[in-house]
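K.L.:
Dumping the structure here so I can ask a few things about it.
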Amino acid sequence: MSEGIGVLLADDEDLIRTGLRIIIESEPGLSVVGEAADGAAAVSLARSLRPDVVLMDVRMPAVDGIQATRALTVAEGAPKVLVVTTLENDDYVYEALRAGASGFLLKRARADELVQAIRVVAAGESLLFPAAIRSLVAARGAARAVPGIGRLTTREGDVLRLMARGLSNAEIAAELVVGTETVKTHVGNVLAKLGARDRTQAVVAAYESGFVSPR
């Protein structure tokens, strides 16, 4: 894989993959390392090509993007998965986030938004859209038990609520009047206690458990 951020495209539509490739390869530091037309091929190629980011369509034949995301994100050193979808209020998007995707982007997004999203998730951050996640959880209304929620300290709970609002570490630090390193420690503890891969999974768990109300 070339230097910079390597991206694997997973979409069953040739035109979509071609458009994504053109955008990505026009940007310095980004390259497309492979293309897949279904989830099974995406998993296989990701394991051999080791991209930094997988742009994953959720609705694909045979193995869909949810199954592929789940298979990819359980592995050590897994790539970041960024779901690309036509509808944000979609059961497939919700399940992909639960499966380990770091965020999602609409196919109608601008080219600069796509590039920024790739850079954000490649850097280890989550692409959080608090309003959209609230909407996704509220539409389902079903809560689930998250045992780790009860193990959070008061301050870790405060941090999780601010994460659910989409605040960055620096913004959380300013809100709580603490240092950013302290916030990083709290965020790490929250992820560990909730068994979450990143902020997106932590926020979904917070809403689903009722710890944070989507309404």
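The values are calculated or read from the model by the stated rules, or taken from the named source; none is laboratory data. Quick caveat, the model's predicted, so the values are computed rather than measured. With ideal geometry, Cβ positions are generated from the backbone for all residues, glycine too; neighbour counts draw on all protein chains shown.
K.L.:
May I ask you to verify whether G65 is on the phi > 0 side of the Ramachandran plot and either out of contact with any Asp or Glu (no Cβ under 8 Å at 6 or more places or on another chain) or not basic (K, R) (or both)? Walk me through how you get there before you give the answer.
P.N.:
Working: on the phi > 0 side of the Ramachandran plot: no; either out of contact with any Asp or Glu (no Cβ under 8 Å at 6 or more places or on another chain) or not basic (K, R) (or both): yes.
For G65, the condition - on the phi > 0 side of the Ramachandran plot and either out of contact with any Asp or Glu (no Cβ under 8 Å at 6 or more places or on another chain) or not basic (K, R) (or both) - is not met.
K.L.:
Given V177, V204, V159, which one is among the β-branched types (V, I, T) and closer than 20 Å to K80 by Cα?
P.N.:
When all the criteria are applied, what remains is V204.
K.L.:
Go through the stretch 173-200 and count every residue that is more than 17 Å from G150 (Cβ to Cβ) and among the hydrophobic types (A, V, I, L, M, F, W, C). I'd like the intermediate steps shown before the answer.
P.N.:
To start, the set of residues in the stretch 173-200 that are more than 17 Å from G150 (Cβ to Cβ) comprises 173-185, 187-188, 197-200.
If we keep only those that are among the hydrophobic types (A, V, I, L, M, F, W, C) as well, we get 173-174, 176-178, 183, 187.
Residues that pass the stated criteria total 7.
K.L.:
Confirm whether D12 is touching a Gly at 6+ places or on another chain (Cβ under 6 Å), at pLDDT below 95 and charged (D, E, K, R).
P.N.:
Details: touching a Gly at 6+ places or on another chain (Cβ under 6 Å): no; at pLDDT below 95: yes; charged (D, E, K, R): yes.
The answer is no for D12.
K.L.:
Filter the stretch 190-201 down to residues that are in contact with an Asp or Glu (Cβ under 9 Å, 6 or more places away or on another chain) and under 17 Å from V81 (Cβ atoms) and give me whichever is modelled with the highest pLDDT.
P.N.:
Step one: list which residues in the stretch 190-201 are in contact with an Asp or Glu (Cβ under 9 Å, 6 or more places away or on another chain), which gives 190-191, 193, 198-199.
Now drop any that are not under 17 Å from V81 (Cβ atoms), which leaves 191, 198-199.
On the way: L191: 93, D198: 84, R199: 87.
Here the answer is L191.
K.L.:
Tell me whether the stretch 151-167 contains one or more residues that are at pLDDT below 90 and of a type outside the set (G, A, S). So that I can check it myself, show each step before the final result.
P.N.:
Looking only at the stretch 151-167, we keep the residues that are at pLDDT below 90, and these are 164-167.
Still in the list and also of a type outside the set (G, A, S): 165, 167.
Checked the stretch 151-167: at least one residue is at pLDDT below 90 and of a type outside the set (G, A, S).
K.L.:
Report yes if some residue within the stretch 153-164 is of a type in the set (S, T, N, Q) and touching a Ser or Thr at 6+ places or on another chain (Cβ under 8 Å); otherwise report no.
P.N.:
Step one: list which residues in the stretch 153-164 are of a type in the set (S, T, N, Q), which gives 153-154.
Among the residues that remain, those that are also touching a Ser or Thr at 6+ places or on another chain (Cβ under 8 Å) are: none.
For the stretch 153-164, residues of a type in the set (S, T, N, Q) and touching a Ser or Thr at 6+ places or on another chain (Cβ under 8 Å): absent.
K.L.:
How do the pairs read when you match residues in the stretch 32-48 that are touching a residue at least 12 places away in the same chain (Cβ under 8 Å) and not assigned by TED's automatic domain parsing to the domain that holds M60 with residues anywhere that are of a type outside the set (K, R) and crowded, with 21+ Cβ neighbours inside 10 Å, using Cβ under 6 Å and keeping only pairs 6 or more apart or on different chains?
P.N.:
Qualifying pairs under 6 Å: none.
K.L.:
Residue by residue through the stretch 141-172, note down the ones that are of a type in the set (K, R) and over 12 Å from N189 (Cα atoms). Full working, then the answer.
P.N.:
Kept after step one, since they are of a type in the set (K, R), are these residues of the stretch 141-172: 144, 151, 155, 161, 165.
R144, R161, R165 - these are the residues of the stretch 141-172 that are of a type in the set (K, R) and over 12 Å from N189 (Cα atoms).
K.L.:
Taking into account only those residues within the stretch 88-127 that are in contact with a Phe, Trp or Tyr (Cβ under 8 Å, 6 or more places away or on another chain) and of a type in the set (G, A, S), which is farthest from D11 (Cα to Cα)?
P.N.:
Filtering the stretch 88-127 for residues that are in contact with a Phe, Trp or Tyr (Cβ under 8 Å, 6 or more places away or on another chain) and of a type in the set (G, A, S), the one farthest from D11 (Cα to Cα) comes out as G103.
K.L.:
Please go through the stretch 28-51 and pick out each residue that is crowded, with 17+ Cβ neighbours inside 10 Å and touching a Leu at 6+ places or on another chain (Cβ under 9 Å).
P.N.:
Of everything in the stretch 28-51, those that are crowded, with 17+ Cβ neighbours inside 10 Å and touching a Leu at 6+ places or on another chain (Cβ under 9 Å) turn out to be V32, V33, G34, E35, A36, A42, V43, L45, A46, P51.
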